[in-house]
Structure formats: structure tokens, C-alpha cells
1. Output the strands (runs of 3 or more DSSP E) that fall wholly within the range 145-220 and possess 2 or more residues being of a type outside the set (Lys, Arg), closer than 22 Å to PRO125 by Cβ and at pLDDT 90 or above, or say none.
2. Can you give me the number of residues within the range 99-116 that are touching a Ser or Thr at 6+ places or on another chain (Cβ under 9 Å) and without any contact (Cβ under 8 Å) to a residue 12 or more places away in the chain?
3. Determine which member of the set ILE174, ILE122 is in the same structural domain as GLY21 (by TED's automatic domain parsing) and closer than 23 Å to VAL20 by Cα.
4. Taking MET65 and the conditions (1) part of a helix (DSSP H, G or I); (2) under 30 Å from SER238 (Cβ atoms); (3) in contact (Cβ under 8 Å) with a residue 24 or more places away in the chain, which numbered condition does it fall short on, given that it satisfies the others?
5. Which pairs do you get when a residue that is closer than 17 Å to ILE122 by Cα, found in the range 78-98, comes within reach of a residue that is assigned to a loop (DSSP other than H, G, I, E, B) and of a type in the set (Asp, Glu), reach meaning Cβ atoms under 7 angstrom, with the pair 6+ apart or on two chains?
6. Would you check if PRO86 is over 21 Å from the mean Cα position of the chain (by Cα) and more than 23 Å from LEU100 (Cβ to Cβ)?
7. Suppose we filter THR193, THR187 for residues that are surrounded by 22 or more Cβ atoms within 10 Å (Cβ to Cβ) and under 30 Å from ALA298 (Cα atoms); which single one remains?
8. Are there any pairs, at least 6 apart or on different chains, whose C-beta atoms fall under 7 Å, with the first in the range 1-15 and in a loop (DSSP other than H, G, I, E, B) and surrounded by 14 or more Cβ atoms within 10 Å (Cβ to Cβ) and the second at pLDDT 90 or above and of a type in the set (Ser, Thr, Tyr), and if so, which?
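The values are calculated or read from the model by the stated rules, or taken from the named source; none is laboratory data. What you see is a predicted model, and the numbers here were worked out from it, not measured in a lab. In this analysis, Cβ positions are derived from the backbone assuming ideal geometry, glycine residues included, and neighbour counts consider all displayed protein chains.
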Amino acid sequence: MRAVDGVSFDIAAGERRGVVGESGSGKSVTAMSIMRLIEPPAGEIVTGTIDFQGTNLLAMPEDDMQDVRGGKIAMIFQDPMTSLNPVYTIGDQLMETIMLHQHVNKHDARDIAAQALDDVHIPGPQTVLDDYPHQFSGGMRQRVMIAMGLSCNPDLLIADEPTTALDVTTQAQIMDLMLQLAADRGTAVMLITHDLGVVAGFCDTIQVMYAGGIVESGTAQEIFGDPQHPYTWGLLGSMTRLDESHAERLHSVRGAPPSLINPPRGCRFNPRCDFVQDICRASYPALRTSGGDDQLAACHFAVDLDLKTIDVREGSTT
């Protein structure tokens, strides 16, 4: 099964890239591939390159890759309770990362760890270092994960649905915190989420994934203002809008994502698309320029359709 197939994109220094799509679209596998956390026999990277600052990570020896993980590329996972070891203190886990990548002694590592916790607005950081994960709320544990990810000033931070398990108020606080810290340090961020509302206020660029591939990418303004792919229309149409009447039912993308063991022929979205044509069932569309200057879409008709005539809530042309 090809969990991710033919995915290619660039992230510039300091860029905030959003990766959106349904569960099973390949978002997390893409991120774990960058960190080289896909291991046989569960999976393997068959072909391709992952170029980071001029070096192909796939060709790098494992010992060198250990220096990249956490030091130059850091990752925040979506469930902080399972990411933090329950039998070690917060300080032990933060200090381990800092001593490994910054080559400092334990005393200095503790000071750096305390400063990292202070940066994410955790009160009493020197005392908190001796606490265990179960003594923290979900939001506080996620702040610890952000502190751990940013403690070594990585060039790229991968955040895999960092707010999924949190309430809405805490979500907003965490996203504001990540935005501020990334901007202050010049860190590039790859934010993985299924929530378009989260990426709207955080990301510079967005790529939409479906069934293991990218179906659309562009700037946030292009994706939200002039979407080119029917799947993107469906995602946007399923969002509640404050400037419209709430009497209408939200549009939903019918059906379910296809099996990647036996994917449909042609465009993988064609069984769920309201605009499907014969060519969609016959051939897989290439990702090509459509809409804005930096916008790409994998749809046979993205260039030809006038999107202003499409009602994404009703799923039909006017």
C-alpha cells in the first residue's frame, strides 16, 4: 500500500506551511518521513529525496540523522500524554534533548529548560521541572512539547495536529504561542491539521492532501479566496461561516476516502466528486498551475471551470 505517493513540495526558511486533509490522507506519514521515523517492516521510503539545507536526509547515516532530529528539525505530536514519558520528570525529558544537541552540562541544561518553559508561559518553571506529566493539564503538556521542540532553536518545526485534544480556548492560546515563538526565532513551521479554521490565521501557504497525494497548494489567500479543486470546495463548504444564515445545512463531502490498498482508477476523488467526467475515471490528473501564480491543482478541469459559478454548499453549477 502506498500511504504517500508522489508528494513534492518546498518549505522556505521562516515559512508557515499548513497541511490539511481528512484522516488517512497521508499528512502524518509525510511528516514522519521527513524525520525518517518510518521504519521497516511497518513501512519504508522506496524512492525520492528529502533535501534539507542541501543534504539528502535519506542518504544520511543514522548517527548524523540523530543530530538532525530535535536539533535542526523538531516535531510536536498530537497527543502530548503519549509523547511524554510518564515515569520521568518534565525536567529530565527537556534536559535530555538539550544536553544531546547543545552539548552542555546538566546544570546549564536545567537553566535552558527552565527558560524554555518560561517562554511558553508556564508559571514557576524551576519548580515545574521536577513535576511529572500526569500533574499537568492537556494544554500545559502541549506547552511542554512546544518548549521541548523549540528548546534547541530548530530551523524547521513540524507540528502534527498539536491542538486536536484541546478545548477551543486552549487551542487559540497554543496557536498564538506557536505563531509568536516561530516569528521571534525565524523558525519554519509545518502545521498538520484537519481544521481549516486553524490554518486560516496561522499559515502563509497551504497544501491540501487527499488519498496519499497533494490535490491543491497555494498561498492561504489563494486557497481560501479562489479554491481550484472540488475537494477543497467541499472542505471549505463544510465550515460554519459567521457572515451567513445558520438556517442552511452545512455541505458535506459525500462518501468516504478510498482504500489505498485498492485505489480507484483515475482521479482518486472521482467517486465523491459532483463534477466527475469520463476523463476523471480514466487518468490521474497532474498537479499543474491553476488560479493564482503560485497555485497548483490536480484536477482535469481546474483551469477550465469558472469557480464563481460554483456553489460549494449545494455542490452544483449555477
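1. Of the strands (runs of 3 or more DSSP E) lying wholly inside the range 145-220, those with at least 2 residues that are of a type outside the set (Lys, Arg), closer than 22 Å to PRO125 by Cβ and at pLDDT 90 or above span 156-160.
2. 1
3. Step by step, each of ILE174, ILE122 is checked, and only ILE174 is in the same structural domain as GLY21 (by TED's automatic domain parsing) and closer than 23 Å to VAL20 by Cα.
4. Among (1) part of a helix (DSSP H, G or I); (2) under 30 Å from SER238 (Cβ atoms); (3) in contact (Cβ under 8 Å) with a residue 24 or more places away in the chain, the lone unmet condition for MET65 is (2).
5. THR89/ASP130; THR89/ASP131; ILE90/ASP131; GLY91/ASP130
6. Considered against the rule, which asks whether it is over 21 Å from the mean Cα position of the chain (by Cα) and more than 23 Å from LEU100 (Cβ to Cβ), PRO86 comes out as no.
7. Being surrounded by 22 or more Cβ atoms within 10 Å (Cβ to Cβ) and under 30 Å from ALA298 (Cα atoms) holds for just one of THR193, THR187, which is THR193.
8. VAL4/THR30; VAL4/SER33; VAL7/THR30; PHE9/SER217; GLU15/THR205
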